[in-house]
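Everything on this sheet refers to the single structure shown next.
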């Protein structure tokens with residue numbers, strides 16, 4: 001692959017991320033929460049594996065939200081009149097985002113709880 005094609009791929013990917021950021025309110029909220037969680041991970045003396053897990057979970061939530069957006073756009077191409085599963089697909093993807101966010105939240109609480117408890121003492 002030439003350097004020019006590689007650069008174009010990066011530009012295209014960044015354009016896609018910008019589009020999701022501009023068009024999806026939930027993604028913007030998740031990015032904000034992700035930055036806050038990452039700031040907390042820097043502030044507290046977390047172990048290396050805790051930081052790695054936090055970073056991976058933040059990225060996983062954002063990735064699932066991006067995939068949800070892709071499925072929504074694709075489903076909108078089909079329109080509900082073409083197939084009754086379009087609404088089901090959207091609901092399932094929204095459920096995937098919710099489940100991922102809940103798991104990330106629970107893991108975050110488990111990791112940060114001891115540090116927050118010490119901070120509040």
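A few comments on the model shown:
- Which numbered condition residue 109 fails, given (1) out of contact with any helix residue (DSSP H, G or I) (no Cβ under 6 Å at 6 or more places or on another chain); (2) under 28 Å from residue 19 (Cα atoms); (3) surrounded by fewer than 16 Cβ atoms within 10 Å (Cβ to Cβ): (2)
- Some residue of region 46-69 being in a loop (DSSP other than H, G, I, E, B), modelled with pLDDT of 95 or more and exposed (fewer than 10 other Cβ atoms within 10 Å of the Cβ): yes
- Yes/no for residue 17 being in a helix (DSSP H, G or I) and surrounded by 15 or more Cβ atoms within 10 Å (Cβ to Cβ): no
- Any chance residue 55 is within 22 Å of residue 96 (Cα to Cα) and either touching a strand residue (DSSP E or B) at 6+ places or on another chain (Cβ under 7 Å) or free of Cβ contacts under 8 Å to residues at least 24 places away in the same chain (or both): yes
- Just one residue in the set 116, 38 is at pLDDT 95 or above, surrounded by 11 or more Cβ atoms within 10 Å (Cβ to Cβ) and not in a loop (DSSP other than H, G, I, E, B); that residue is 38.
- Of the residues making up region 73-104, those that are free of Cβ contacts under 8 Å to residues at least 60 places away in the same chain, surrounded by 12 or more Cβ atoms within 10 Å (Cβ to Cβ) and closer than 26 Å to residue 55 by Cα number 8.
The values are calculated or read from the model by the stated rules, or taken from the named source; none is laboratory data. Everything numeric in this text was worked out from a predicted model, so none of it was measured. When we count neighbours, we look across all protein chains shown, and the Cβ atoms used for this are built from the backbone with ideal geometry, even at glycine.
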